[in-house]
Amino acid sequence: MKEKVVLAYSGGLDTTAIIPWLKETFDYDVVCCCIDCGQGSELDGLDERAKLSGASKLYIEDLVDDFCDNYIMPCVKANAVYENKYLLGTSMARPAIAKRLVDIARKEGAVAICHGATGKGNDQIRFELGIKALAPDLKVIAPWRMTDVWTMQSREDEIEYCKKHGIHLPFSADSSYSRDRNLWHISHEGLELEDPSQEPNYDHLLVLTTPPQKAPDEGEYVTMTFEKGVPTSVNGEKMKVSDIIKKLNELGGKHGIGIVDIVENRVVGMKSRGVYETPGGTILMEAHQQLEELVLDRATMEVKKDLANKLAQVVYEGKWFTPLREAIQAFVESTQEYVTGEVKFQLYKGNIIKAGTTSPYSLYSESLASFTTGDLYDHHDADGFITLFGLPLKVRAMKMAEVKAAKKDN
(Lines give C-alpha, C1' and ligand atoms only; values in the text may rest on other atoms or scores of the structure.)
Protein backbone atom coordinates (compact mmCIF):
# COMPACT_ATOMS: atom_id res chain seq x y z
CA MET A 1 0.00 0.00 0.00
CA LYS A 2 1.29 3.46 -0.94
CA GLU A 3 2.07 6.02 1.74
CA LYS A 4 -0.38 8.90 1.95
CA VAL A 5 0.21 12.63 1.86
CA VAL A 6 -2.42 15.23 2.75
CA LEU A 7 -2.32 18.21 0.42
CA ALA A 8 -3.67 21.59 1.49
CA TYR A 9 -5.77 22.10 -1.64
CA SER A 10 -7.22 25.41 -2.76
CA GLY A 11 -8.28 24.35 -6.23
CA GLY A 12 -6.00 26.91 -7.84
CA LEU A 13 -3.36 26.18 -10.47
CA ASP A 14 -0.47 25.75 -8.01
CA THR A 15 -2.06 23.10 -5.82
CA THR A 16 -3.69 21.39 -8.82
CA ALA A 17 -0.26 20.96 -10.45
CA ILE A 18 1.14 19.66 -7.18
CA ILE A 19 -1.18 16.61 -7.22
CA PRO A 20 0.45 14.79 -10.20
CA TRP A 21 3.87 16.08 -9.09
CA LEU A 22 3.52 14.40 -5.68
CA LYS A 23 2.50 11.12 -7.30
CA GLU A 24 5.29 11.26 -9.86
CA THR A 25 8.05 12.45 -7.50
CA PHE A 26 7.27 10.47 -4.33
CA ASP A 27 4.74 7.84 -5.48
CA TYR A 28 2.33 9.07 -2.81
CA ASP A 29 -1.39 8.46 -2.58
CA VAL A 30 -2.62 12.08 -2.56
CA VAL A 31 -5.50 13.03 -0.26
CA CYS A 32 -6.63 16.61 -0.89
CA CYS A 33 -8.05 18.72 1.90
CA CYS A 34 -9.75 22.03 1.17
CA ILE A 35 -10.53 24.11 4.25
CA ASP A 36 -13.56 26.37 3.92
CA CYS A 37 -12.92 29.54 5.93
CA GLY A 38 -15.48 31.50 3.97
CA GLN A 39 -13.96 31.66 0.47
CA GLY A 40 -17.39 31.51 -1.13
CA SER A 41 -17.57 30.55 -4.81
CA GLU A 42 -13.87 29.63 -4.91
CA LEU A 43 -14.89 26.14 -3.73
CA ASP A 44 -17.14 25.44 -6.73
CA GLY A 45 -16.11 22.41 -8.82
CA LEU A 46 -13.24 21.35 -6.56
CA ASP A 47 -14.21 17.69 -6.23
CA GLU A 48 -14.13 17.04 -9.97
CA ARG A 49 -10.93 19.06 -10.42
CA ALA A 50 -9.04 17.27 -7.64
CA LYS A 51 -9.95 13.78 -8.86
CA LEU A 52 -9.29 14.71 -12.49
CA SER A 53 -5.81 15.75 -11.35
CA GLY A 54 -5.15 12.38 -9.70
CA ALA A 55 -6.20 12.78 -6.07
CA SER A 56 -7.65 9.67 -4.45
CA LYS A 57 -9.92 11.65 -2.15
CA LEU A 58 -11.01 15.22 -1.40
CA TYR A 59 -12.13 16.54 1.95
CA ILE A 60 -13.98 19.87 2.01
CA GLU A 61 -13.99 20.94 5.64
CA ASP A 62 -16.32 23.71 6.81
CA LEU A 63 -14.31 25.67 9.35
CA VAL A 64 -16.20 28.97 9.16
CA ASP A 65 -17.64 28.96 12.69
CA ASP A 66 -14.48 27.49 14.22
CA PHE A 67 -12.43 30.17 12.46
CA CYS A 68 -14.72 32.94 13.71
CA ASP A 69 -15.19 31.76 17.29
CA ASN A 70 -11.74 30.38 18.12
CA TYR A 71 -9.33 32.44 16.02
CA ILE A 72 -10.95 35.71 14.96
CA MET A 73 -12.69 36.56 18.22
CA PRO A 74 -9.60 36.19 20.48
CA CYS A 75 -7.85 38.71 18.21
CA VAL A 76 -10.85 41.06 18.15
CA LYS A 77 -11.10 40.97 21.94
CA ALA A 78 -7.40 41.83 22.13
CA ASN A 79 -7.62 44.51 19.38
CA ALA A 80 -4.67 42.77 17.74
CA VAL A 81 -3.52 44.66 14.63
CA TYR A 82 -0.13 44.08 12.98
CA GLU A 83 1.92 47.22 12.35
CA ASN A 84 -1.10 49.41 13.14
CA LYS A 85 -2.96 48.47 9.95
CA TYR A 86 -3.18 44.76 9.10
CA LEU A 87 -6.13 42.98 10.75
CA LEU A 88 -4.47 39.53 10.47
CA GLY A 89 -6.98 38.01 8.03
CA THR A 90 -4.64 35.42 6.52
CA SER A 91 -2.56 35.07 9.70
CA MET A 92 -5.55 33.98 11.82
CA ALA A 93 -6.77 31.45 9.25
CA ARG A 94 -3.51 29.53 8.83
CA PRO A 95 -3.39 27.89 12.30
CA ALA A 96 -7.04 26.86 11.92
CA ILE A 97 -6.18 25.27 8.58
CA ALA A 98 -3.02 23.62 9.92
CA LYS A 99 -4.95 22.05 12.79
CA ARG A 100 -7.54 20.53 10.47
CA LEU A 101 -4.83 19.27 8.09
CA VAL A 102 -3.27 17.44 11.01
CA ASP A 103 -6.66 16.00 11.98
CA ILE A 104 -7.18 14.66 8.45
CA ALA A 105 -3.62 13.32 8.30
CA ARG A 106 -4.23 11.37 11.51
CA LYS A 107 -7.57 10.09 10.21
CA GLU A 108 -6.02 8.92 6.93
CA GLY A 109 -2.81 7.57 8.47
CA ALA A 110 -0.75 9.92 6.29
CA VAL A 111 3.00 10.31 6.73
CA ALA A 112 3.26 13.86 5.38
CA ILE A 113 1.45 17.12 4.77
CA CYS A 114 2.11 19.22 1.67
CA HIS A 115 1.36 22.91 1.12
CA GLY A 116 1.77 25.21 -1.88
CA ALA A 117 3.07 28.30 -0.08
CA THR A 118 6.02 30.03 -1.69
CA GLY A 119 9.53 30.23 -0.23
CA LYS A 120 9.35 34.02 0.14
CA GLY A 121 6.10 34.37 2.04
CA ASN A 122 4.79 34.13 5.58
CA ASP A 123 2.36 31.28 5.00
CA GLN A 124 5.04 28.59 4.79
CA ILE A 125 6.06 29.55 8.33
CA ARG A 126 2.50 29.65 9.66
CA PHE A 127 1.56 26.27 8.20
CA GLU A 128 4.74 24.54 9.27
CA LEU A 129 4.93 25.95 12.79
CA GLY A 130 1.35 24.80 13.31
CA ILE A 131 2.14 21.32 12.03
CA LYS A 132 5.33 21.07 14.11
CA ALA A 133 3.45 22.07 17.26
CA LEU A 134 0.59 19.62 16.71
CA ALA A 135 2.26 16.71 14.90
CA PRO A 136 6.06 16.82 15.12
CA ASP A 137 6.33 13.34 13.61
CA LEU A 138 4.75 14.29 10.27
CA LYS A 139 6.92 15.26 7.32
CA VAL A 140 6.23 18.58 5.60
CA ILE A 141 6.61 18.91 1.84
CA ALA A 142 6.99 22.43 0.44
CA PRO A 143 7.45 22.10 -3.36
CA TRP A 144 8.35 25.74 -4.00
CA ARG A 145 11.43 25.33 -1.77
CA MET A 146 12.46 22.04 -3.40
CA THR A 147 14.05 23.57 -6.48
CA ASP A 148 16.00 20.40 -7.29
CA VAL A 149 12.81 18.44 -8.01
CA TRP A 150 10.21 21.20 -8.45
CA THR A 151 11.28 22.81 -11.71
CA MET A 152 8.18 24.86 -12.53
CA GLN A 153 8.74 28.60 -12.18
CA SER A 154 5.65 30.17 -13.76
CA ARG A 155 1.96 29.68 -14.45
CA GLU A 156 2.86 28.76 -18.02
CA ASP A 157 5.13 25.98 -16.72
CA GLU A 158 2.38 24.64 -14.47
CA ILE A 159 -0.25 24.70 -17.23
CA GLU A 160 2.10 22.86 -19.59
CA TYR A 161 2.93 20.31 -16.87
CA CYS A 162 -0.77 19.62 -16.29
CA LYS A 163 -1.40 19.20 -20.04
CA LYS A 164 1.44 16.67 -20.29
CA HIS A 165 -0.28 14.66 -17.58
CA GLY A 166 -3.64 14.73 -19.36
CA ILE A 167 -5.11 17.43 -17.11
CA HIS A 168 -6.89 20.13 -19.09
CA LEU A 169 -8.24 22.72 -16.70
CA PRO A 170 -9.80 26.21 -17.05
CA PHE A 171 -6.70 28.16 -16.04
CA SER A 172 -5.06 30.88 -18.09
CA ALA A 173 -1.52 32.20 -18.02
CA ASP A 174 -2.76 35.78 -17.76
CA SER A 175 -1.13 37.80 -15.02
CA SER A 176 -3.43 38.73 -12.16
CA TYR A 177 -3.27 39.71 -8.52
CA SER A 178 -2.25 37.11 -5.98
CA ARG A 179 -5.20 36.90 -3.61
CA ASP A 180 -6.19 35.19 -0.39
CA ARG A 181 -9.81 35.28 0.67
CA ASN A 182 -11.79 34.14 3.68
CA LEU A 183 -14.80 35.40 5.63
CA TRP A 184 -12.71 38.07 7.39
CA HIS A 185 -10.92 39.66 4.43
CA ILE A 186 -9.36 39.44 1.00
CA SER A 187 -5.72 40.34 0.33
CA HIS A 188 -4.18 41.51 -2.94
CA GLU A 189 -0.53 41.42 -4.03
CA GLY A 190 1.23 41.71 -7.38
CA LEU A 191 0.89 43.77 -10.59
CA GLU A 192 1.09 47.54 -9.89
CA LEU A 193 1.18 46.88 -6.12
CA GLU A 194 4.76 45.63 -6.46
CA ASP A 195 5.81 49.25 -7.00
CA PRO A 196 5.06 51.31 -3.85
CA SER A 197 5.16 54.51 -5.92
CA GLN A 198 2.10 53.37 -7.89
CA GLU A 199 -1.49 54.02 -6.82
CA PRO A 200 -3.62 50.88 -6.62
CA ASN A 201 -6.06 50.40 -9.48
CA TYR A 202 -9.06 50.11 -7.15
CA ASP A 203 -11.60 49.81 -9.97
CA HIS A 204 -9.81 46.66 -11.11
CA LEU A 205 -8.68 45.39 -7.72
CA LEU A 206 -11.51 45.60 -5.17
CA VAL A 207 -13.73 42.58 -4.55
CA LEU A 208 -15.56 43.13 -1.26
CA THR A 209 -15.61 46.90 -1.00
CA THR A 210 -16.75 49.97 -2.91
CA PRO A 211 -14.14 52.75 -3.22
CA PRO A 212 -15.11 55.47 -0.68
CA GLN A 213 -15.41 58.00 -3.51
CA LYS A 214 -18.17 55.86 -5.07
CA ALA A 215 -19.95 54.97 -1.82
CA PRO A 216 -23.46 56.35 -1.18
CA ASP A 217 -23.71 60.07 -0.45
CA GLU A 218 -25.95 59.32 2.53
CA GLY A 219 -24.60 57.68 5.67
CA GLU A 220 -26.15 54.61 7.33
CA TYR A 221 -26.61 54.09 11.07
CA VAL A 222 -25.75 50.70 12.57
CA THR A 223 -26.33 49.44 16.11
CA MET A 224 -24.46 46.48 17.61
CA THR A 225 -24.63 44.73 20.97
CA PHE A 226 -21.89 42.84 22.78
CA GLU A 227 -21.81 40.40 25.69
CA LYS A 228 -18.44 39.82 27.38
CA GLY A 229 -16.62 41.11 24.31
CA VAL A 230 -18.53 38.96 21.81
CA PRO A 231 -20.91 40.59 19.29
CA THR A 232 -24.46 39.32 19.64
CA SER A 233 -26.64 41.41 17.31
CA VAL A 234 -26.69 43.89 14.45
CA ASN A 235 -29.56 46.36 14.17
CA GLY A 236 -31.59 44.41 16.70
CA GLU A 237 -31.21 41.04 14.98
CA LYS A 238 -29.46 38.39 17.08
CA MET A 239 -26.93 36.34 15.12
CA LYS A 240 -23.93 34.07 15.62
CA VAL A 241 -20.50 35.61 15.07
CA SER A 242 -20.01 34.30 11.52
CA ASP A 243 -23.34 35.75 10.38
CA ILE A 244 -22.55 39.07 12.08
CA ILE A 245 -19.29 39.28 10.13
CA LYS A 246 -21.16 38.48 6.90
CA LYS A 247 -23.68 41.23 7.64
CA LEU A 248 -20.96 43.74 8.51
CA ASN A 249 -19.08 42.82 5.33
CA GLU A 250 -22.18 43.71 3.36
CA LEU A 251 -22.68 47.03 5.19
CA GLY A 252 -19.00 47.95 5.21
CA GLY A 253 -18.48 47.00 1.58
CA LYS A 254 -21.36 49.25 0.56
CA HIS A 255 -19.84 52.26 2.33
CA GLY A 256 -16.16 51.80 1.42
CA ILE A 257 -15.00 50.65 4.86
CA GLY A 258 -11.79 48.75 5.56
CA ILE A 259 -9.47 49.31 2.59
CA VAL A 260 -5.83 49.29 3.70
CA ASP A 261 -2.76 49.84 1.51
CA ILE A 262 0.32 48.78 3.48
CA VAL A 263 4.00 48.05 3.07
CA GLU A 264 4.55 45.46 5.80
CA ASN A 265 7.55 43.66 7.22
CA ARG A 266 7.33 39.95 6.47
CA VAL A 267 8.69 37.38 8.90
CA VAL A 268 11.31 36.25 6.35
CA GLY A 269 12.92 39.70 6.41
CA MET A 270 11.67 41.49 3.33
CA LYS A 271 9.09 44.23 2.92
CA SER A 272 6.00 43.54 0.83
CA ARG A 273 3.23 45.80 -0.40
CA GLY A 274 -0.38 44.67 -0.36
CA VAL A 275 -3.93 45.92 -0.25
CA TYR A 276 -6.36 44.38 2.23
CA GLU A 277 -10.14 44.63 2.20
CA THR A 278 -11.61 43.97 5.65
CA PRO A 279 -14.97 45.77 5.69
CA GLY A 280 -16.79 43.79 8.37
CA GLY A 281 -13.70 43.18 10.45
CA THR A 282 -12.84 46.88 10.55
CA ILE A 283 -16.33 47.70 11.81
CA LEU A 284 -16.28 44.92 14.40
CA MET A 285 -12.88 45.94 15.75
CA GLU A 286 -13.88 49.61 15.97
CA ALA A 287 -17.21 48.88 17.68
CA HIS A 288 -15.50 46.63 20.22
CA GLN A 289 -12.91 49.31 20.99
CA GLN A 290 -15.62 51.95 21.43
CA LEU A 291 -17.27 49.78 24.07
CA GLU A 292 -13.97 49.09 25.84
CA GLU A 293 -13.36 52.83 26.14
CA LEU A 294 -16.32 52.99 28.51
CA VAL A 295 -15.66 49.84 30.51
CA LEU A 296 -11.93 49.27 31.01
CA ASP A 297 -9.87 51.17 33.57
CA ARG A 298 -6.78 53.10 32.55
CA ALA A 299 -4.14 50.68 33.87
CA THR A 300 -5.78 47.67 32.22
CA MET A 301 -6.09 49.56 28.93
CA GLU A 302 -2.38 50.39 28.99
CA VAL A 303 -1.27 46.79 29.52
CA LYS A 304 -3.85 45.46 27.08
CA LYS A 305 -2.56 47.77 24.37
CA ASP A 306 0.97 46.43 24.79
CA LEU A 307 -0.23 42.82 24.77
CA ALA A 308 -2.38 43.50 21.69
CA ASN A 309 0.76 44.43 19.77
CA LYS A 310 2.54 41.35 21.09
CA LEU A 311 -0.37 39.07 20.16
CA ALA A 312 -0.49 40.56 16.66
CA GLN A 313 3.20 39.75 16.24
CA VAL A 314 2.76 36.22 17.64
CA VAL A 315 -0.14 35.49 15.28
CA TYR A 316 1.55 37.09 12.28
CA GLU A 317 4.64 34.93 12.86
CA GLY A 318 2.64 31.71 12.97
CA LYS A 319 3.11 31.05 16.68
CA TRP A 320 -0.54 30.38 17.49
CA PHE A 321 0.05 27.03 19.18
CA THR A 322 2.41 28.37 21.84
CA PRO A 323 2.24 29.00 25.59
CA LEU A 324 2.74 32.73 24.95
CA ARG A 325 -0.39 33.02 22.79
CA GLU A 326 -2.37 31.05 25.38
CA ALA A 327 -1.12 33.30 28.20
CA ILE A 328 -1.93 36.53 26.35
CA GLN A 329 -5.36 35.21 25.43
CA ALA A 330 -6.03 34.28 29.07
CA PHE A 331 -5.25 37.86 30.12
CA VAL A 332 -7.46 39.27 27.36
CA GLU A 333 -10.35 37.00 28.32
CA SER A 334 -10.17 38.28 31.89
CA THR A 335 -10.55 41.86 30.63
CA GLN A 336 -13.73 41.03 28.71
CA GLU A 337 -15.90 40.14 31.72
CA TYR A 338 -17.71 43.48 31.63
CA VAL A 339 -17.37 44.42 27.93
CA THR A 340 -21.13 44.31 27.49
CA GLY A 341 -23.34 46.98 26.00
CA GLU A 342 -24.58 48.70 22.85
CA VAL A 343 -22.60 50.63 20.24
CA LYS A 344 -24.14 52.89 17.63
CA PHE A 345 -22.25 54.43 14.71
CA GLN A 346 -22.70 55.79 11.22
CA LEU A 347 -20.98 54.40 8.12
CA TYR A 348 -20.13 57.09 5.60
CA LYS A 349 -17.65 57.02 2.70
CA GLY A 350 -14.94 54.93 4.38
CA ASN A 351 -15.57 56.35 7.87
CA ILE A 352 -17.03 54.86 11.03
CA ILE A 353 -18.52 57.77 12.98
CA LYS A 354 -19.51 57.36 16.64
CA ALA A 355 -23.19 57.87 17.40
CA GLY A 356 -23.43 56.78 21.04
CA THR A 357 -22.24 53.95 23.31
CA THR A 358 -23.89 52.55 26.44
CA SER A 359 -23.00 49.84 28.95
CA PRO A 360 -24.36 48.79 32.36
CA TYR A 361 -20.70 48.57 33.42
CA SER A 362 -19.63 51.99 32.13
CA LEU A 363 -16.98 53.68 34.27
CA TYR A 364 -17.85 57.05 32.78
CA SER A 365 -19.39 59.40 35.35
CA GLU A 366 -21.04 62.51 33.98
CA SER A 367 -20.82 64.27 37.33
CA LEU A 368 -17.08 63.56 37.56
CA ALA A 369 -16.34 64.47 33.97
CA SER A 370 -18.27 67.75 34.03
CA PHE A 371 -16.72 71.04 35.19
CA THR A 372 -19.09 71.36 38.10
CA THR A 373 -17.93 70.33 41.58
CA GLY A 374 -19.36 67.04 42.78
CA ASP A 375 -19.18 65.01 45.98
CA LEU A 376 -16.51 62.62 44.61
CA TYR A 377 -14.10 65.27 43.36
CA ASP A 378 -12.76 68.26 45.26
CA HIS A 379 -10.76 70.55 42.98
CA HIS A 380 -8.41 71.36 45.87
CA ASP A 381 -7.25 67.72 45.92
CA ALA A 382 -5.51 68.36 42.61
CA ASP A 383 -2.99 70.62 44.40
CA GLY A 384 -1.43 67.80 46.39
CA PHE A 385 -1.68 65.37 43.49
CA ILE A 386 0.16 67.67 41.09
CA THR A 387 2.81 68.42 43.74
CA LEU A 388 3.60 64.74 44.20
CA PHE A 389 3.09 63.72 40.58
CA GLY A 390 5.43 66.48 39.40
CA LEU A 391 7.98 66.08 42.23
CA PRO A 392 10.57 64.18 40.12
CA LEU A 393 10.44 66.92 37.48
CA LYS A 394 10.85 69.67 40.08
CA VAL A 395 13.73 67.92 41.87
CA ARG A 396 15.56 67.37 38.59
CA ALA A 397 15.06 70.99 37.52
CA MET A 398 16.41 72.20 40.89
CA LYS A 399 19.45 69.92 40.61
CA MET A 400 20.21 71.05 37.05
CA ALA A 401 19.95 74.69 38.13
CA GLU A 402 22.34 73.94 41.02
CA VAL A 403 24.85 72.29 38.65
CA LYS A 404 24.60 75.17 36.20
CA ALA A 405 25.21 77.72 38.98
CA ALA A 406 28.23 75.75 40.24
CA LYS A 407 29.77 75.71 36.76
CA LYS A 408 29.20 79.44 36.41
CA ASP A 409 30.96 80.14 39.75
CA ASN A 410 33.95 78.07 38.63
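Given segment 238-287, report the % of alpha carbon pairs whose separation exceeds 14 Å.
57 percent
List, in the order given, every pair from LYS77/LYS344; LYS305/LYS354; LYS107/LYS132; LYS107/LYS139; LYS228/LYS271 whose Cα-Cα distance in the structure shown is over 26 Å.
LYS228/LYS271
What percent do you get for the relative contact order of the chain when only Cα pairs under 8 Å and 6+ apart count?
It rounds to 17 percent for the chain.
Given the protein chains as shown and a 1.4 Å probe, how many square angstrom of LEU52 are accessible, to the nearest 10?
90 Å²
Tilt of helix 298-316 relative to the longest C-alpha principal axis of the chain, in degrees (0 to 90, nearest 10)?
20 degrees
Give or take rounding to whole Å, what are the principal axis extents of the alpha carbon atoms in segment 149-290, in descending order?
Ordered largest first, segment 149-290 gives principal extents of 57, 37, 33 Å.
For ASP375 and ASP261, what is the calculated FRET efficiency with R₀ set at 41 Å and r taken between the beta-carbons, to the nearest 0.05?
The formula returns an efficiency of 0.20 here.
I want to make sure I understand the PRE zone here: with the label point 7 angstrom from the Cα of ASN351 toward its beta carbon, which residues in segment 246-283 have backbone N atoms less than 15 Å away?
Zone members listed by number: 255-258.
Among the lysines, which fall within straight-line cross-link reach of LYS349, defined as a Cα-Cα distance under 20 Å, with same-chain neighbours fewer than 8 residues apart omitted?
LYS85, LYS214, LYS246, LYS247, LYS254
Show me the GluC sites (Glu not before Pro) within segment 293-388 that DSSP assigns to loop and that have at most 14 other Cβ atoms within 10 Å of their Cβ.
Taking segment 293-388 and a limit of 14 other Cβ atoms within 10 Å, the loop GluC sites (Glu not before Pro) found are GLU337.
Could you list the trypsin sites (Lys or Arg not before Pro) in segment 2-59 that lie in coil according to DSSP, counting only those with at most 12 other Cβ atoms within 10 Å of their Cβ?
LYS2
Can you pull the percent of the chain's accessible area that's carbon plus sulfur, 1.4 Å probe, other chains left in place?
51 percent
On average, how much area does the Cα convex hull of segment 1-139 cover when viewed from any direction, in nm²?
8.9 nm²
Enumerate the lysines that LYS407 could reach by cross-link, defined here as Cα to Cα under 19 Å, with residues fewer than 8 away along the same chain left out.
Qualifying lysines at Cα under 19 Å: LYS399.
Across 10 Å bins from the origin, how do the percents of Cα pairs in segment 273-345 run, short distances first?
Calculated over all Cα pairs of segment 273-345, the distribution is 16, 42, 35, 6 percent.
Of the GluC sites (Glu not before Pro) in segment 1-83, which ones lie in a loop per DSSP and count no more than 16 other C-beta atoms within 10 Å?
When the GluC sites (Glu not before Pro) of segment 1-83 are filtered for loop state and at most 16 Cβ neighbours within 10 Å, GLU3, GLU83 remain.
Near the amide H of ASP62, under 5 Å away, which other amide H atoms are found, from residues 5 or more places off or on another chain, if H is placed in the peptide plane?
ASP36
Accessible area per residue of the chain at 1.4 Å probe, in Å²?
51 Å²
The values are calculated or read from the model by the stated rules, or taken from the named source; none is laboratory data. As the structure is a prediction and not an experimental result, all values here were calculated from the model. So basically every Cβ, Gly included, is an ideal-geometry build from the backbone, and we count neighbours across all protein chains shown. Keep in mind that these areas ignore ligands, DNA and RNA; they rest on the heavy atoms of the full protein, side chains included. Shrake-Rupley method; radii C 1.70, N 1.55, O 1.52, S 1.80 Å.
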